[in-house]
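Here is the structure we will look at, set down as structure tokens.
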Amino acid sequence: MSYNHGSIDAKWQAAWAKAQIFRAQDDSPKEKYYVLVEFPYPSGAGLHVGHPRSYTALDIVARQQRMLGKNVLFPMGWDAFGLPAENYAIKTGIHPSVITKENIDNFRRQLKAIGFSFDWSREVNTTDPAYYKWTQWMFLRFFKAGLAYKSTMAINWCPKDKIGLANEEVVGGKCERCGTAVEKRDKEQWMIAITKYADRLIDDLDTVDYLPKIKKQQVDWIGRSEGAEIDFAVVDSQEKITVFTTRPDTIFGVTYLVIAPEHPLVESLTTSEQRDTVHSYIASVATKTDMERGDDTKAKTGAFTGSYVINPANHERVPVWIADYVLGHYGTGAVMAVPQHDERDLAFAQTFNLPIVDRPLISFADALAKTGGKKTVQYKLRDWVFSRQRYWGEPIPLIHCDHCGWVPVPDDQLPVLLPDVANYQPTDNGESPLASIDSFVNTKCPTCGGDAKRETDTMPNWAGSSWYFLRYIDPNNNNEFASAEKLKHWLPIDLYNGGMEHTTLHLLYSRFWNKFLFDQGLVPTSEPYARRHSHGLIMSEDGTKMSKSVGNVINPDDIVNEFGADTLRVYEVFMGPFEEPVPWSTNGVVGVRRFLDRVTKLPDFIAPAESPDVTKALHKTIKKVSEDITNFRFNTAVAAMMTFVNTVFEQGSITKPSLLTFLAILTPFAPHVGNEVNEALGGTSLMEAGNWPTFDPALIVDSEVTIAIQVNGKLRSSLTVALDLPESSLVTQAQSDPNVAKFLISPIKKTIVVPNKIVNFVI
RNA sequence: GCCGCGGUGGCGGAAUGGUAUACGCGACGGACUCAAAAUCCGUUUCCCGUAAGGGAUUGAGGGUUCGAGUCCCUCCCGCGGCACCA
């Protein structure tokens, strides 16, 4: 048979849709298996070849699990709020929902063309009011639990465009659109207290199966460190400065104190002589990012406040400086400097000629006792800034009343719909475009009925993606975000895959969100994901990042049209180790297509009997592919299948049952080809209805093994001998091998034998 | 800069501390063909050698071990993240 992908792809995709075989059953007696991929942001550029890497891998898992008899939930949806659609609207005036719908339709078409076994009946869309109603409802649970609060935070502000900018829109400290230097501007923002969950977010990692590097990165991001807060009294003042230190044992080596330029006491500590110096220093820091401030390769900067404090341990008088290497949002925004024990303090002391003293350490407890300090725990993790001054996001469902304060919109009035606006440009004063719609803003207080105003900030797109996996479980429920019974049936997610780049934000936010819902009694498990894997990025052929602006983006449509969906699928997982970034190679695609062409020729080799080598190879391949799928080593699984096909070509024959067995393990990778070859062999049912094959351990045992013979660890010869040959006869044979004997020039001190592997003579 | 991950043939990569370079690409040779493409068969880490064989080799340097791509230390380079891109 020949492989005409153009007709084959469409034919089997239609057959799957008709049979509805990928629908998850809520009431099946089969064991459940919930496999999840991160849902995409439907960008205008369409699907990128990076998307199908993860989708193919988990599609293989989902298809294998179905063949193993599981009731599989493998859903897909759209994380569709976000900046690009809004910026497009600002430019063109076209409503973001219009372009979003077009993009989603395009993404859906592209995904269907690759033959993924998603349950399309459960599609969710974060911008659908029936969906964001529940995002808003959940936000109100945070609010009512006291975890949502207002705080002043700095935003990026372009003074020319008069709008707030996302970090991504700030390039080298300048506004991406107009090039004007970006300023920091304080703004009242809604925050969510994720730090209250910091300990559990670390400790509960012990209960889940994540790749070790994912756990490590989350732990480091949360950055728990135990230390102490110690008060230093300010000389000639009622004020005191509280420092956080992980090294209270070094207290005798303190020669100065440093506070962050944002520290609330800066003004009161600055003496009149130092005022100009301090002010100009603070102005110079204002445009720097935390990254620039933390750069240890640059010279330290700072300014003396003119004030002194008393070291509570030895009552020495030490000066107070401000310096940007101390960050206002970490710890207490103040540190005690010990140049003797800290490299950054040392560098600062050397720069400003501050004393460096050599004093003995004392014990942690002893220090605390001497200073009246208290033990505390600090986290690098910061609370979640939940406000955006943007249009294309979920409205925050709160109302401000002068009498009652912030009042939640009653549940029965949700969702607070995004109103249409005439202009998507944020307002001059930094408010969201919603602030200019009087009919939206002006409302009545739900509590007292008086005049009140709606919150006009919207939520970050992390909101909708923090709980989408719950909605897939019961996507059309109008009364609850999902029924408790169904949640209990499907949770936790058995396997979740996404990009490494989502490890510290989305993955952490969604774990936190789920834990909160768990505490509220709304979901049955404290952790949403039982197992988490990550994939690496696909780079362009030259190893650089694919980007629309460079024009080196590969569109999966082109690969599907030219080589077929299965070629794309198999190449996506064959190209390299799943977790690592890999460059795209169109030559590599050709090789996969050749492999699939060879598969379609296998029926020509069908014979009543096959060589034992083919039988052995088949069982080894079943074992290898089964293990490799479990271990996310899809590249070597494909290599094993290639090796098997090569074996059949070499041996020239295969029985029909063996070929059908091979097709069963191939089908999750190449479902169109698997079904087509099966049909050519007279099969009348879908391959997806079959079972995952098992291997016979007796059939994969080799009767002979090749043993490496080494002298002093250097390979000198090799021997092919019977399996489990007794050590003594093996050593005798090895010693008499001429290529070995000539190197045994001095007496053998030691002989190391690794059974069925190696003999090493040490002389 | 800080945190995390990685570095193996001409290229993508494979390898429970035990024969480095599986599988694929490319290249070269052969078969088929009037010819080409496609396909099939073979060779292919590098150096010396007709061969047998020998030597070198997993970013650089050092260490542990009978034995190191794999473990440890120092350094170099690349990738991801750094909280308002998703």
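Charged neighbours of residue A:604, selected by a Cβ distance under 13 Å, balance to +2 (K, R count +1; D, E count -1). For the pair segment A:618-681 / segment A:560-588, the C-alpha centres are spaced 18 Å from each other. Whole-Hz Karplus values for segment A:29-43 come out as x, 5, 5, 8, 8, 9, 10, 10, 10, 4, 6, x, 7, x, 7 Hz, taken residue by residue from phi with 6.51 cos²θ - 1.76 cosθ + 1.60 and θ = phi - 60°; glycine and proline positions read x. Which percent, nearest 5, of DSSP beta bridges in chain A are antiparallel? Among the beta bridges of chain A, antiparallel pairing accounts for roughly 75 percent. Derived scalar couplings between HN and Hα for segment A:743-751 equal 9, 8, 7, 10, x, 6, 7, 7, 10 Hz in order, rounded to whole Hz, by the Karplus curve 6.51 cos²θ - 1.76 cosθ + 1.60 (θ = phi - 60°), x for Gly and Pro. Once the Kirkwood radius over Cα pairs is known for chain A, the Stokes-Einstein relation at 20 °C and 1.002 mPa s delivers a diffusion coefficient of 70 µm²/s.
Whole-Hz Karplus values for segment A:301-314 come out as 10, x, 8, 7, 7, x, 9, 10, 10, 9, 5, x, 7, 10 Hz, taken residue by residue from phi with 6.51 cos²θ - 1.76 cosθ + 1.60 and θ = phi - 60°; glycine and proline positions read x. Residue A:510: net charge of surrounding residues, Cβ under 12 Å, Lys/Arg +1, Asp/Glu -1, itself excluded? Counting the neighbours of residue A:510, the net charge comes to 0.
Filter the trypsin sites (Lys or Arg not before Pro) in segment A:156-191 to those in DSSP coil with at most 16 other Cβ atoms within 10 Å of their Cβ, and list the result. It would help to have the intermediate numbers written out before the result.
Working: sites: A:160, A:162, A:174, A:177, A:184, A:185, A:187; in loops: A:160, A:162, A:177.
Within segment A:156-191, the qualifying trypsin sites (Lys or Arg not before Pro) (loop, at most 16 other Cβ atoms within 10 Å) are A:160, A:162, A:177.
Of A:712, A:274, A:107, whose Cα points farthest to the positive end of the dipole of chain A (charges on the beta-carbon: +1 Lys, Arg; -1 Asp, Glu; origin at the Cα centre)? So the residue furthest toward the plus end is A:712. Amide H to amide H distances under 5 Å link residue A:32 with A:71, where only residues 5 or more positions off or on other chains count and H is placed in the peptide plane. Rounded to the nearest 20, the size of the Cβ-charge dipole of segment A:382-496 about its Cα centre is 220 debye, with Lys and Arg at +1 and Asp and Glu at -1.
Past 18 Å, Cα to Cα, is the threshold; run A:216/A:545; A:174/A:545; A:213/A:515; A:623/A:656; A:616/A:656; A:11/A:112 against it and keep the listed order.
Details: A:216/A:545 25 Å; A:174/A:545 23 Å; A:213/A:515 22 Å; A:623/A:656 20 Å; A:616/A:656 15 Å; A:11/A:112 12 Å.
Result: A:216/A:545; A:174/A:545; A:213/A:515; A:623/A:656 exceed 18 Å.
Here's the list of aspartates and glutamates a cross-link from residue A:160 could span, going by alpha-carbon distance under 15 Å and ignoring same-chain residues fewer than 8 apart: A:169, A:176, A:183, A:428. The relative contact order of chain A, computed from alpha carbon pairs under 8 Å that lie at least 6 residues apart in sequence, is 14 percent. Using only side-chain charges placed at the Cβ, +1 for Lys and Arg and -1 for Asp and Glu, the dipole size of chain A relative to its Cα centre rounds to 1060 debye.
With contacts taken as Cα pairs under 8 Å and at least 6 residues apart, segment A:125-183 reaches a relative contact order of 22 percent. Relative contact order of segment A:453-521: 37 percent, from C-alpha pairs under 8 Å at least 6 residues apart in sequence. The slack between residue A:422 and residue A:209, meaning 0.36 nm per residue of separation minus the straight C-alpha distance, is 71.8 nm. By the rule of a C-alpha distance below 17 Å, with chain neighbours fewer than 8 residues away ignored, the lysines paired with residue A:374 are A:240.
Would you kindly state how much longer the chain becomes between residue A:154 and residue A:365 on full extension, computed as 0.36 nm times their sequence separation minus their alpha carbon distance, in nm to one decimal?
Details: separation 211, 0.36 × 211 = 75.96 nm, distance 3.78 nm.
So the extension gain works out to 72.2 nm.
Backbone amide hydrogens, once placed in the peptide plane, bring residue A:174 within less than 5 Å of A:182, excluding anything fewer than 5 places away on its chain.
Among A:291, A:641, A:1, A:153, which comes first, then next, by fewest other beta-carbon atoms within 10 Å? Kindly include the intermediate steps, with their values, before the conclusion.
Details: A:291 7, A:641 23, A:1 13, A:153 18.
Placing the least packed residue first, the sequence is A:291, A:1, A:153, A:641.
The residues packed around residue A:500, meaning those with a beta-carbon under 10 Å from its beta-carbon, carry a net charge of -2 if Lys and Arg are +1 and Asp and Glu are -1. Here's the picture: charge each Lys and Arg Cβ at +1 and each Asp and Glu Cβ at -1 in segment A:8-144, and of A:48, A:73, A:37 the one pushed furthest to the positive end of that dipole is A:73. For residue A:185, project a label point 7 Å along Cα to C-beta. Then give me every residue of segment A:349-390 with its amide nitrogen under 14 Å of that point. Within reach of a label on residue A:185, which here means backbone N under 14 Å from a point 7 Å along Cα→Cβ, segment A:349-390 contributes A:389-390.
For a quick check: sort A:672, A:51 by the number of other beta carbons within 10 angstrom, fewest at the front.
Numbers: A:672 26, A:51 20.
Lowest to highest Cβ neighbour count: A:51, A:672.
Full extension of the chain segment joining residue A:561 with residue A:611 gains 14.2 nm, where the gain is 0.36 nm per residue of separation less the Cα-Cα distance. When both segment A:704-737 and segment A:70-99 are represented by their alpha-carbon centers, they are found 64 Å apart.
Determine, for A:33, A:529, the number of other Cβ atoms within 10 Å of each Cβ, and report the residues in order from fewest to most.
Values: A:33 22, A:529 25.
The order, fewest Cβ neighbours first, is A:33, A:529.
Dividing the convex hull volume of the alpha carbon atoms of segment A:378-483 by its residue count gives 169 Å³ per residue.
No value in this document is a laboratory result; all are computed from the given coordinates. Quick caveat: nothing in here was measured; it's all calculated off a predicted structure. For neighbour counting, all protein chains shown are included, and Cβ atoms are generated from backbone atoms with ideal geometry for every residue, glycine included.
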